[in-house]
Amino acid sequence: MLDITNVRLQDTQFYKDVFAEGRQEGRQEGRQEGLDQGELEILLRQLTRRCGELSPQQQQQVKSLSRTQREALADALLDFTGMADFESWLESLSGS
């Protein structure tokens with residue numbers, strides 16, 4: 001008969017495999033979150049440089065954009081000449 005009372009769960013191969021998989025997924029999620037945060041910070045800096053100081057509300061609007069919308073904004077801001085262009089871009093989102 002197999003005596004499993006002396007077996008520690010942490011010593012089983014199953015536990016080690018599940019733990020390693022969870023760690024890997026956690027690392028990948030952490031990397032992605034770091035990339036997203038870095039991209040957002042750069043986008044906000046570029047907007048400020050191109051358009052001027054953003055209001056807290058505008059900053060929050062940018063932060064709440066989806067990844068696809070942030071990418072579109074990053075492309076569009078290359079053509080912005082000032083705050084009016086940025087505001088028009090934001091308004092176009094609500095009209096979509």
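Quick note: the coordinates plus some simple rules give every number you see, no bench work behind them. What you see is a predicted model; the values in this text were computed from it and never measured. Cβ sites come from the backbone with ideal geometry, for glycine too, and all protein chains shown count toward neighbours.
Between L93 and R31, the FRET efficiency estimated from the beta carbon spacing at R0 = 35 angstrom works out to 0.80. For segment 14-91, GluC sites (Glu not before Pro) meeting the loop criterion (DSSP other than H, G, I, E, B) and having at most 10 other Cβ atoms within 10 Å: E53. Computed from backbone phi, the HN-Hα couplings of segment 38-54 come to x, 4, 5, 4, 5, 4, 5, 5, 5, 4, 4, 5, 7, 10, x, 4, 8 Hz, rounded to whole numbers (Karplus: 6.51 cos²θ - 1.76 cosθ + 1.60, θ = phi - 60°; Gly and Pro given as x).
Taking every C-alpha pair closer than 8 Å and separated by at least 6 residues, the mean separation divided by the residue count of segment 11-95 gives a relative contact order of 28 percent. With a Förster radius of 30 Å applied to the beta-carbon distance between Q60 and V18, the computed FRET efficiency rounds to 0.20. Expressed in units of 2.2 N^0.38 Å, where N is the residue count, the Cα radius of gyration of the chain is 1.85.
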